[in-house]
């Protein structure tokens, strides 16, 4: 069965059954996936060891199991977007720091909301759209056109504008000009043009877009971090705004602003390693050759 058909089947099941039951099914399938997929399991465990090198093997394995389960729960919630309403948001999502968004919008330069692949980052954007905030998000295009249409539709049904990554720059600038929220995921670079940053003692590449857009347009930059609670309710936490004193050197300013908000993302990852839903080996070896 193709991945597209699996996604559609998953959506049908998730929409038809009570949420508690679908969480249970998702956890079972996540445990099965973890046991079967050695590649994904080893990548996740390597990332977890990088985040917490002092952790015991037992702690790493526990976080690995929890991470697979958290990703499965994220998929359940993503598939349910079509039936999410304001009552569901009020019951299952708490938002902390929303006044920071309101204040930033008063500047009329748009607002950059930088998130990370934590808990259910997608749900934050859907919630803001349903609360009547004008919001656009940048999303990676899937190679399978059917999957891309499905994922885009899930986001657009609730009022989010979706900007494909390949068309991002001009449409992002236009969204900010219209004083919209612009949501970007800031912890993974898909363009091979990012900034090299030391994260947990290892070198990785981080997107330059959020800092670059903020410096070019004057748009305030906030972090919007999602965390899953033990009862599967979500906390949506706004941090910032993040600012720097301009040095006159554009590249230096982009690097400085990026490092400033990445340091906060790092703390959230460190405190919640099983909620950072990355399934590839994240880091390059830290070496002088790479630094050059």
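The values are calculated or read from the model by the stated rules, or taken from the named source; none is laboratory data. As the structure is a computational prediction, the values presented were derived from the model and not from experiment. Don't worry about glycine lacking a Cβ; one is built from the backbone with ideal geometry, like all the others, and counts go over all protein chains shown.
The set of residues in region 186-197 that are assigned to a loop (DSSP other than H, G, I, E, B), buried (at least 16 other Cβ atoms within 10 Å of the Cβ) and more than 16 Å from the chain's Cα centre (by Cα) contains only 194. Inspect region 64-82 for any residue being assigned to a loop (DSSP other than H, G, I, E, B), within 29 Å of residue 217 (Cβ to Cβ) and in contact (Cβ under 8 Å) with a residue 60 or more places away in the chain and give the result as yes or no. Looking through region 64-82, none of the residues is assigned to a loop (DSSP other than H, G, I, E, B), within 29 Å of residue 217 (Cβ to Cβ) and in contact (Cβ under 8 Å) with a residue 60 or more places away in the chain. Which of the residues spanning region 232-273 are closer than 23 Å to residue 71 by Cβ and outside any helix (DSSP H, G or I)? Scanning region 232-273 gives 232, 233, 234, 235, 236, 237, 272.
So which residues in region 143-170 are surrounded by 16 or more Cβ atoms within 10 Å (Cβ to Cβ), without any contact (Cβ under 8 Å) to a residue 60 or more places away in the chain and not in a helix (DSSP H, G or I), if there are any at all? Scanning region 143-170 gives 159, 160, 161, 162, 163. Screening region 24-36 for residues that are over 13 Å from residue 76 (Cα atoms) and touching a residue at least 24 places away in the same chain (Cβ under 8 Å) and picking the one that is surrounded by the fewest Cβ atoms within 10 Å (Cβ to Cβ) gives 31. Taking the numbered list (1) surrounded by fewer than 21 Cβ atoms within 10 Å (Cβ to Cβ); (2) in a strand (DSSP E or B); (3) modelled with pLDDT of 95 or more in turn, residue 179 passes all entries but (2). The set of residues from region 1-36 being farther than 29 Å from residue 92 by Cα and at pLDDT 95 or above comprises 35, 36. Looking only at residues in region 198-222 that are under 20 Å from the mean Cα position of the chain (by Cα), without any contact (Cβ under 8 Å) to a residue 60 or more places away in the chain and not in a loop (DSSP other than H, G, I, E, B), the one that is nearest to residue 174 (Cα to Cα) is 212. Of the residues making up region 251-276, those that are surrounded by fewer than 17 Cβ atoms within 10 Å (Cβ to Cβ) and in contact with a helix residue (DSSP H, G or I) (Cβ under 7 Å, 6 or more places away or on another chain) number 1.
Here is the figure for region 116-142: residues that are in contact with a strand residue (DSSP E or B) (Cβ under 6 Å, 6 or more places away or on another chain), assigned to a loop (DSSP other than H, G, I, E, B) and more than 22 Å from residue 266 (Cβ to Cβ) total 2.
Scanning region 56-70 for residues that are touching a helix residue (DSSP H, G or I) at 6+ places or on another chain (Cβ under 7 Å) and within 20 Å of residue 267 (Cα to Cα) gives 60, 63, 64, 66, 67, 70. With the condition kept exactly as written, say whether any residue in region 8-23 is under 25 Å from residue 269 (Cα atoms), touching a residue at least 24 places away in the same chain (Cβ under 8 Å) and part of a helix (DSSP H, G or I). The answer is yes, given that some residue of region 8-23 is under 25 Å from residue 269 (Cα atoms), touching a residue at least 24 places away in the same chain (Cβ under 8 Å) and part of a helix (DSSP H, G or I).
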